[in-house]
């Protein structure tokens, strides 16, 4: 249904969106690249100049760097594991015939709509706090000494907070995919004599494969950028135990005002994210016309 | 009014050429049917005439005026879509009034025209309903009403009956034919159903892979198909096409005999055979007979015939009604003078 | 899974499902309950579950002592502003992609979505500096533009999928009926797309309200929305659990309500259609 007239109109109507996004992408990224090759500290702006890859070298060789990479990996993999497996189990549970499916869904999905600062502080104060938190009370109740979660196991605690926030997302996606599985397929398998566990393994799981892939890839993109939960609970500490790559760059930029190093760190983060994005594009692109 | 001329019209989508080159003349007031198998380009051709697609080459003229570069609304045509394309959020009244509203007509004028159209189409009781509350046939009429109020030079129909069940299709076919008689306007009708084509058309354009195979009146196409494609496409059940000995004997590469032009006999005939499937419809009987000489032949017999699976029969094609085709697929012209005027 | 199941099995499943659901939602429930407790009772040990002295003092205090409403207003302005701006830009873009097809549409869409995957830290420094140079730091308008930009791909994507569901023939009919492009959009497309547009708006308001990177980095006081306000409580300042709970409850209440209605849009919007 395209004619010359409608094609030119289309191009015109696309331009604002395209122009905005193009500028949004190119200008900041170009500047980041530019800064990454410079010595540029906002607190001492007179000392500037081209230093090529020095920022990158100092960033990568800083003591916090590799720890940050490891922490990032732990955070992402940890949250993925909890949300995908947990999400699958919860989705399977909710998919069963139960009374009150509506309210149950609402309760399960609620954490996703809580803004990150609120979620982080709820967990920090209500649960993890050794003196007043509920976990502390629980430990006292069974006779143990309260555990300082955020002090002793900062990364693990943050994984819990983030996983709690993202569990509903995984559950919702997997539940949607589950419910799109035609019952006829399962009935045919049953007629063919397959027991429930085999039906799950041979029919349900493969059907969910695409949904699980999507959950993993999309969550990874967002998880790589987690900042507030760390900022508000542990501030990256104690030391650098809960510092991720994103937090490291943020620290350099805002707290240390070191624009040059932060830019270099930013480029490293982009490279990491692009690798993930390529895989995501391939998964989505397949389904775009479906 | 309503005279449409196509010269050297071609259409390509990217590198795929859908319509290579078409010339066509449509006279004022004619009911023309574009018919052909799926993908033959008939809908594309209609959309080119409507202006919903640009031609890749050639010209389209309406009443002598070159409209090739004009927008659809300016061409003075109205279209009834396969899905009716009614505006679901508007009442029937507003659906029919929409084109008039777009043309900027007075409210009073719009009301009058809408009521007139509704009366003609028996929609007066439904004017305030939404399309979702109407039956298939009623929705069709609303679509037609929306086309009528525009008082177009010609009406375009894109497979309008495909979405209806068989019974409704028969009724709507009659209604559209009656509408044509009443309005006496040019109508171009696209369908893949050759029964619709045969019953409704003044002129049929048979299309195949973007090419016009033949243009003519329904009976012209029935009696004198110009090639194998048209011979096999027009007529239901399909003409029996036989190659090999029976064709060679008559001096052709392929011979064709319609099921209704073959005599059945229990005693003697040209092709002996055994009845395979026998379809008894009461008014007709269709027999699918396996013969050695001519393969499986479909034969139509009048009324009820007591022949069933396994019976032995003899088939003889009526010599006056045989079609002969050369190796190139073209029909060798039959002795037309003898055929004309001869009652079937 | 639509076969009849024994009442016994169903009861078991129901109990299990409700237990899991309540466990997951517990932190939220606990926060809401705590917001109505007097401060000392909020941190009582052992914890008081239901038998406390209900009070709304915390809510009152939060507004009086901290000007809560100002932050709330900023959140509203940013959420609505960025959504409105985004919709304005996205509707024409999504229209052209949905109804004037071409092989390039898919590539364009992919590119747009890819801009969302750019890590925010990568452009943190330049954006921060640009904001300082342009005097946009701690302004609502600056934040509205940034939040709009990060959500624009999702808005365009969602509108595109909704527009695609509108039968193209109806728009062609409008064209044949003499409607200009503007009339086509006004009288036919938009009324039919209203549910889709509403869903997109809903989802985007939620995303903008909860955005917790740029809203924290690019604001100090004037334009600070609730995200910034709440994150300021990261260091404890005396007894404040109940008040924090009240502030939190008020911050999340609007979104929780909207979230109830937007489950399906969530799936559509955030998975980019990869899961139906």
Return the calculated 222 nm mean residue ellipticity for chain C, to the nearest 500 deg cm²/dmol, obtained by summing -39500 (n - 2.57) across DSSP H runs with n ≥ 4 and dividing by the residue count. -23000 deg cm²/dmol
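Any idea what diffusion coefficient the protein assembly as shown gets from Stokes-Einstein, in µm²/s, Kirkwood Rh on alpha carbon pairs, 20 °C, 1.002 mPa s?
Numbers: Rh = 33.3 Å.
D = 64 µm²/s.
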If you average the C-alpha positions of the range C:178-210 and of the range C:106-124 separately, how far apart do those two centres end up, in angstrom? 23
With only helices counted (DSSP H, runs n ≥ 4, each -39500 (n - 2.57)), the per-residue ellipticity at 222 nm for chain A, to the nearest 500, works out to -22500 deg cm²/dmol
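Per DSSP H run of at least 4 residues, take -39500 (n - 2.57); add these up for chain B, divide by its residues and hand me the 222 nm value, nearest 500 deg cm²/dmol. Mind dumping the intermediate values first?
Details: 10 runs with 93 residues, N = 344.
Value at 222 nm, helices only, nearest 500: -7500 deg cm²/dmol.
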Which angle from 0 to 90°, rounded to the nearest 10, does the C-alpha axis of helix B:166-183 make with the longest principal axis of chain B? 60
Separation of alpha-carbon centers, the range A:199-213 and the range B:171-205, rounded to whole Å: 52
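Efficiency by 1/(1 + (r/R0)^6): what FRET value for residue C:139 and residue B:308, r their Cβ-Cβ distance, R0 = 56 Å, to the nearest 0.05?
On the way: r = 91 Å, r/R0 = 1.62.
So, using R0 = 56 Å, E works out to roughly 0.05.
Order the peptides B:158-164, A:144-150 from the highest to the lowest mean number of other Cβ atoms within 10 Å of their residues. Before the final figure, lay out the partial values.
Values: B:158-164: 19.9, A:144-150: 16.1.
Output ranking for B:158-164, A:144-150: B:158-164, A:144-150.
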The range B:105-187 shape via C-alpha gyration tensor axes, a/c threshold 1.5: oblate
Would you mind calculating the relative contact order of chain B from Cα pairs under 8 angstrom and at least 6 residues apart, reporting the percent as a whole number? 16
With each pseudo-label sitting 7 Å past Cα toward Cβ, what's the residue B:182-residue B:122 distance in nm, one decimal? 1.0
Estimated FRET transfer efficiency (residue C:56, residue A:85; beta-carbon r; R0 30 Å; 0.05): 0.15
Hey, could you grab the Kirkwood Rh for chain B? Inverse mean 1/r over distinct alpha carbon pairs, Å, one decimal. 22.5
P(r) histogram, all alpha-carbon pairs of the range A:141-259 included - 10 Å bins from 0, percent: 11, 27, 22, 18, 14, 6, 1
With no solvent and one equal point scatterer per Cα, compute the Debye intensity ratio I(q)/I(0) for the range C:43-147 at 0.13, 0.18 Å⁻¹ and report its log10, rounded to two decimals. -0.79, -1.05
Once each part is reduced to its C-alpha centroid, what is the distance from the range B:18-41 to the range B:274-333 in angstrom? 32
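When every alpha-carbon pair in the range A:51-149 is counted, what percent end up more than 22 Å apart? Walk me through the numbers before you get to the answer.
On the way: 2966 of 4851 pairs.
Beyond 22 Å sits 61 percent of the P(r) for the range A:51-149.
For residue B:163 and residue C:111, what is the calculated FRET efficiency with R₀ set at 41 Å and r taken between the beta-carbons, to the nearest 0.05?
0.60
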Counting only other chains, and only Cβ atoms inside 10 Å, what mean value do you get across the residues of A:92-100? 6
Would you mind putting B:64-74, A:109-119 in packing order, based on average other-beta-carbon counts within 10 Å, highest first? A:109-119, B:64-74
Descending semi-axes in Å of the range B:126-267, equivalent ellipsoid built from Cα gyration tensor: 38, 17, 12
Hey, what angle do you get for helix C:7-35 against the long axis of chain C, alpha-carbon based, 0 to 90 degrees rounded to 10? 70
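Under the classification rounded if a/c is under 1.5, otherwise prolate if a/b is larger than b/c and oblate if not, where does the range B:1-112 fall, given a ≥ b ≥ c as square roots of the Cα gyration tensor eigenvalues?
Values: a/c = 2.17, a/b = 1.69, b/c = 1.28.
Prolate shape, in that a/c is at least 1.5 and a/b is the bigger ratio.
When every alpha-carbon pair in the range C:148-187 is counted, what percent end up more than 17 Å apart?
Details: 352 of 780 pairs.
Of all Cα-Cα pairs in the range C:148-187, 45 percent lie more than 17 Å apart.
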At what distance in nm do the modelled label points of residue A:279 and residue A:144 sit from each other, each positioned 7 Å from its Cα along Cα→Cβ? 3.4
If packing is taken as the average count of other Cβ atoms within 10 Å, what order do C:142-153, B:111-122, B:180-191 fall into, highest mean first? C:142-153, B:180-191, B:111-122
Please give the helix C:68-99 orientation as an angle from the longest Cα principal axis of chain C, in degrees from 0 to 90, rounded to the nearest 10. 20
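Tally the DSSP beta bridges in the protein assembly as shown and give the antiparallel ones as a percent, rounded to 5.
Details: 53 of 71 bridges.
For the protein assembly as shown, the DSSP antiparallel bridge percentage is about 75.
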List the residues of the range B:204-227 whose backbone N lies under 19 Å from a point placed 7 Å from the Cα of residue B:332 along the Cα-to-Cβ direction. B:223-227
Shielding by partners, peptide A:8-16 (average Cβ within 10 angstrom, other chains): 6
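Considering every residue in C:223-235, what mean count of other chain Cβ atoms within 10 Å of its Cβ is obtained?
On the way: counts 0, 0, 1, 3, 5, 2, 1, 9, 10, 2, 6, 11, 2.
Average per residue, whole number: 4.
Rounded to two decimals, what is the ratio between the C-alpha radius of gyration of chain A and 2.2 N^0.38 Å? Please list the in-between numbers first.
Working: Rg = 23.8 Å, N = 290, 2.2 N^0.38 = 19.0 Å.
Scaled against compact globular proteins, the figure is 1.26.
Stick to the Cα atoms of the range A:162-229, pair each with every other, and give me the Kirkwood hydrodynamic radius in Å at one decimal. Kindly include the intermediate steps, with their values, before the conclusion.
Numbers: mean 1/r = 0.0736 Å⁻¹.
Roughly 13.6 Å, rounded to one decimal.
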Could you tell me whether chain C comes out rounded, prolate or oblate from its Cα gyration tensor? Rule is a ≥ b ≥ c as square roots of the eigenvalues, rounded for a/c under 1.5, then prolate if a/b exceeds b/c, otherwise oblate. oblate
Virtual spin-label span in nm between residue C:77 and residue B:279, 7 Å along Cα→Cβ: 7.6
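Before anything else, pin down the relative contact order of chain C: Cα pairs under 8 Å, at least 6 apart, normalised by residue count, whole percent. Mind showing how you got there, number by number?
Numbers: 250 pairs, mean separation 85.9, N = 276.
Here the relative contact order equals 31 percent.
The numbers here are math on the coordinates, done by the rules we state, and not lab data. This structure is a prediction, so every number in the text was calculated from the model and none was measured. Cβ atoms come from the backbone with ideal geometry, glycine included; neighbour counts cover every protein chain shown.
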